[in-house]
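Notes follow the structure.
Read the figures in this text as sums done on the coordinates, not as results from a lab. None of the values given here were measured: they were computed from a predicted structure. Please note: Cβ atoms are built from the backbone with ideal geometry, for glycine as well, and neighbour counts cover all protein chains shown.
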């Protein structure tokens, strides 16, 4: 049975793990059992979280991670969503992972769109053997986080391998405009040997190690106090990279001209006690183009035993620009850096569909289970509204039409009068009963109301029967009578008001769900068996045949979605090296991982080492049957 959206959201939230009372939700798409990885994170199967899609598994030759060895592919609906409850106004980190891995043995990786909370996120372009991972950090505008995949090309079905939602303290990335999101480009821990994430980072940010041919050094401080604006984990200060000499610079990133603004945050901690050595280290940020070079910071002297953050927010350039660290003329030691994060800044986020309309839809979904198959924002993004409604183009969008004819709805209607922008309501060919709701008469914009072929009874409310602006259809409800007339049913047609409302003996319903016409003289048991047989045949026809699935050889580095949906960079790892290293690293739940350049361009610090493995803490072999 389909789950309605409210109950689904509550269930998801209850299943979400909690860290300090905050949301820490990990979904293992395509799985049916709970799994605890080597990082002690509990992964919830999605079998009970969605009512649509097909669970598939990777081919054994591409298996790397238990979490990413499965996926759910969606072959119906314009968009399909995962949702969980959050606190309105809290900051969250949302991460979606996709690994095609030739799961369908077609060697045809799909392209599709990714949405969050009614906003377009990015276009996901999957590959045969790589991981695409997208991360967004933003302040929620409602009490639900929804992440959706949407089909954009015929025959290319969207899927999802893993989904993670983490609460983030409000002071982290405090420069962030609450009406925008940060789309991760990359997050690098320089000089580190392994990936760092939860539990070292309480927000489960994934810090990818990088060396890139530079000199790695170890911090000799017993402890580094990581207190700072973004609350980084102390582990990123265990190591750093340094230039070879004060005459050499550290190239951090190459930024290209774009309409998208960038946020770069860097982390520094001195690795030696310079009070003992008597040496000094100071450097500046420089931006260099083909025609000029200039400092963009005051001198930085990293503290020993603590840390310093430097931020570039709303950063943009007019030409290709290198961002580097260059020693000052008085420095004895070359520049160093411990870690860096790079983000694209999104456009303005939507507030979503009108809240009154959304609440009314929740009532409908709570009443009629079949409607629970739809989730995410009802109207947004605009091309991907729910199949059975129309929306206006205003901000926020309003729902203007409901088309619920033939949905096999039964019982009484809940009060949806808060959807006061509705112009058309089509509920014909269902099994709705009770009196015709009087709340319809309060909906001043309503122009068409089709209640034909249901089981309504009693009089038509005068607010409807006397509304000359309303086209009301109640045919096929034999127990309905017009206002002022006897409610005893008699054959034929009764006119309730001139030209606006008609009532006739109810006609036999035609099911819009099963295209089968059954003669009324057929015995009832034969009717049932025919219907069951047809349903099974139709189900088999609808269900595509998939062989065993191949999900996730992790690519080295993120393929991060940029603002306006433009993927930013993404380095492909070496598959052979990936498989060679994976088993060793899986045993301790960490990852040796190559990285892409944070700003999407090559740099000496951020070359692709090809050392890629499992960041999802795989601790053993998890076999799937292949078919």
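If you average the alpha carbon positions of region 192-206 and of region 141-172, how far apart do those two centres end up, in angstrom?
Centre-to-centre (Cα) distance: 21 Å.
Could you give the length gained on full extension between residue 143 and residue 170, defined as 0.36 nm per residue of separation minus the Cα-Cα distance, in nm?
Full extension of this stretch gives 8.1 nm more.
How long is the gain from residue 298 to residue 442 if the chain were fully straight, where each residue apart is worth 0.36 nm and the alpha carbon distance is subtracted?
Answer, rounded to one decimal: 45.4 nm.
If I model a spin label as a point 7 Å beyond the Cα along the Cα-Cβ vector, how far apart are those points for residue 392 and residue 410 in nm?
About 3.7 nm, to one decimal.
Taking the Cα centroid of region 311-354 and of region 106-127, what is the distance between the two, rounded to the nearest whole Å?
27 Å
Once R0 is set to 60 Å, what does the formula 1/(1 + (r/R0)^6) return for the Cβ-Cβ distance between residue 108 and residue 318, expressed as a FRET efficiency to the nearest 0.05?
Between residue 108 and residue 318 the formula returns 0.90.
Assuming R0 = 60 Å, can you tell me the calculated FRET efficiency for the pair residue 152 and residue 275, based on Cβ-Cβ distance, to the nearest 0.05?
After rounding to 0.05, the efficiency reads 0.50.
Beta carbons within 10 angstrom, averaged per residue: use that to sort the peptides 463-473, 342-352, highest first.
In decreasing order of mean packing, 463-473, 342-352 become 342-352, 463-473.
On a full-extension model of 0.36 nm per residue, what is the gain between residue 382 and residue 291, subtracting their alpha-carbon distance, rounded to one decimal in nm?
Stretched fully, the residue 382-residue 291 segment lengthens by 28.4 nm.
Computed FRET efficiency, Cβ-Cβ of residue 433 and residue 48, R0 45 Å: what is it to the nearest 0.05?
E(calc), rounded to 0.05, equals 0.90.
Students often get this wrong: which residues of region 307-324 have the backbone nitrogen under 17 Å from the point 7 angstrom along Cα-to-C-beta of residue 220?
No residue qualifies, since no backbone N sits under 17 Å from the label point.
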